[in-house]
Structures are given as structure tokens and as C-alpha cells.
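The values are calculated or read from the model by the stated rules, or taken from the named source; none is laboratory data. Quantities reported herein were computed from a predicted structural model and do not represent experimental measurements. Cβ placement follows ideal geometry from the backbone for every residue including glycine, while neighbour counts extend to all protein chains displayed. These area figures cover heavy atoms from the full protein model, side chains too; ligands, DNA and RNA do not enter into them. Shrake-Rupley method; radii C 1.70, N 1.55, O 1.52, S 1.80 Å.
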Amino acid sequence: MGLAKQIGKSETLRGTLCWLVSLYIRLLYASGSWQVVRGDIPAAFWDQGKPFILSFWHGRILMMMKCWRPGVPISMLISQHRDGLLIARTVAHFGIKTVAGSTTRGGGNALRGLLKMLKGGECIGITPDGPKGPRMRASAGFINIARLSGCPIIPVAYSARRRKLLGSWDRFVIPWPFSGGVFVWGEPMHVTADSDIEECRRLLEDRMIAVTDEADHLAGVEPVAPADPLPETAP
């Protein structure tokens, strides 16, 4: 039996792996210098207790826990697949809650739960290209959450000065210890009741690609290119 299958079948192995990953994340953050660009944007919302929707690409999820202000409640939407369950176990070590589901496939319960959290003053985090891509291409379901809740979307990305890019669909970024890096925040994006969903989807995608490219450039590494868009979302 392969290692991945063993981990998937063993609760003990899953728990140990997620604990080790959480320790690695803490090591990465403590051992390097991390710059924050436009950190005043989320700080203004945190200071006023206003909820917003945190948006980041699936491939940049590893250090997202460290861009967040400790003590501010947030819940992440994760898939019900094995990788989603591993993410849930890992982020729990940082006090982050999760909601299992999808914004596009059978996600009615998840959508209602997320809207309830936002209306209750709690922030949520979503990877609009997850759980399976295409890489760095936003889904329209994500825009509906912003439209129904009235809460703005704020994109964020991170990059590291020394890193490993996995060959996965999302080109998952794993920083090396003692490398440090940068977190880049984007401007809030508001979606109104009469907004064009596809237009907003493209705008969010463009803004997220821009902050990700900015993070890579500031870290001195080559930007990761988005995957080709799906036919229905092509310009």
C-alpha cells in the first residue's frame, strides 16, 4: 500500500502528519523575515470588527495562517476530499475553523453556513480555484457569496525567497526554512446585487493574479503562470 493510501486510512497517521505540517509552518515563519505589503487594508476591517471574504489561490495555502491576525475568527471552505480533510486538521492547530463543501457542486449547506458566519460578523476564507483547478482561475460560485452577503472580497498572496514548486495542478509552493518572504494584500472588491457575475469573476481573477505576481517579484522568484481558462470563462 502506498504512503498516501496509508495516511488516508489511518487516523493516527493523518493526525501526526497535520501536526508536523503545523510545526513546519511555525518554523518557516519564525526562521525568516516576512514583509507585509498593504497590511493596512485587512487591519482596517479587523480593527472595526467588519467581516470580509479572504481570497487566495490553492497553491498558496501553506502560509495563509500566518497572514491572519491572531484572535480574529475565520472559517475556511475546504473540499470533502482527502486533501481537504488534511487541510482542515492542519489549520485547526492555528485556531481556524473549516466548513466542508463546495460553492459549485452540492454546496447548498456550505453556502448557507458561510453566509450565516458572514452575517454574524465572522470572516471566511476561500480558494476560488480549489479543490482541483484550473490553477489560478476563479469560480463564479465564489462571487455569489459576496453578492448575497454584501461583504467585500480581499485577495492576498504570499511568496518565498527560496521555495520548492510541486508538480501538482496548483504548483503548490513550499518555502524553505530561513528563507522568509512576503505577503501581499489587494484592494477590497465589492459585489452588489446588480453586478454582472462573470464580469466580477474575471475582475477578481485578474486582481488575484496581480497580487500573486507582485509577491513573486518582490521575493525575487519567477511568477507562476495561470492555467489556460476553461472554455466557458475564456475572454
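The string of couplings for the range 197-211 from the Karplus curve (6.51, -1.76, 1.60, θ = phi - 60°) is 4, 5, 5, 5, 4, 5, 5, 4, 4, 4, 5, 5, 4, 5, 5 Hz, one whole number per residue in order, with x for Gly and Pro. Length gained on full extension, S33 to K132, computed as 0.36 nm times the residue gap minus the Cα-Cα distance: 32.5 nm.
For the chain, give me the percentage of DSSP beta bridges that are antiparallel, rounded to the nearest 5 percent. Expressed as a percentage, antiparallel bridges in the chain total about 35. Entry note, the chain: the mean residue ellipticity at 222 nm calculated from DSSP H runs of n ≥ 4, each adding -39500 (n - 2.57), is -12500 deg cm²/dmol after division by the residues and rounding to the nearest 500.
In a fully extended conformation the segment linking K164 and H93 would gain 23.2 nm over its present Cα-Cα distance, using 0.36 nm per residue. Distances between placed amide hydrogens fall under 5 Å for V36 paired with F183, all partners being 5 or more residues away or on another chain. Label-to-label distance, R112 versus A193, with points set 7 angstrom from Cα along the beta-carbon direction: 2.2 nm.
Summed over the residues of the chain and divided among them, the accessible surface reaches 48 Å² per residue at a probe radius of 1.4 Å. In loop segments of the range 46-134 as defined by DSSP, there are no chymotrypsin sites (Phe, Trp or Tyr not before Pro) with at most 10 further C-beta atoms inside 10 Å of their C-beta.
Taking 7 Å steps out from each Cα toward its Cβ at T12 and A225 produces label points 4.7 nm apart. Summing charges over neighbours of G150, with a neighbour being any other residue whose Cβ is under 15 Å away from its Cβ, gives +2 when K and R count +1 and D and E count -1. Across the chain, the longest run free of exposed loop sites, meaning trypsin sites (Lys or Arg not before Pro) lying outside DSSP classes H, G, I, E and B with no more than 16 other Cβ atoms within 10 Å, spans 163-235. If you take all other residues with their beta carbon under 14 Å from the beta carbon of T127, and give Lys and Arg +1 and Asp and Glu -1, the sum is +1.
The stretch between L20 and R69 holds 15.4 nm of extra length on full extension. This uses 0.36 nm per residue minus the Cα-Cα distance. Within the straight-line cut-off of under 18 Å between alpha carbons, the aspartates and glutamates reachable from K50 are D40, E122, E187, sequence neighbours fewer than 8 places apart in one chain being disregarded. The chymotrypsin sites (Phe, Trp or Tyr not before Pro) of the range 149-183 that meet both conditions, a loop assignment by DSSP and at most 14 other Cβ atoms within 10 Å of the site Cβ, are F178. Each Lys and Arg Cβ is given +1 and each Asp and Glu Cβ -1; about its Cα centre, the chain then shows a dipole of about 1040 debye. For the Cα trace of the range 38-152, dividing Rg by the Kirkwood Rh returns an Rg/Rh value of 0.93.
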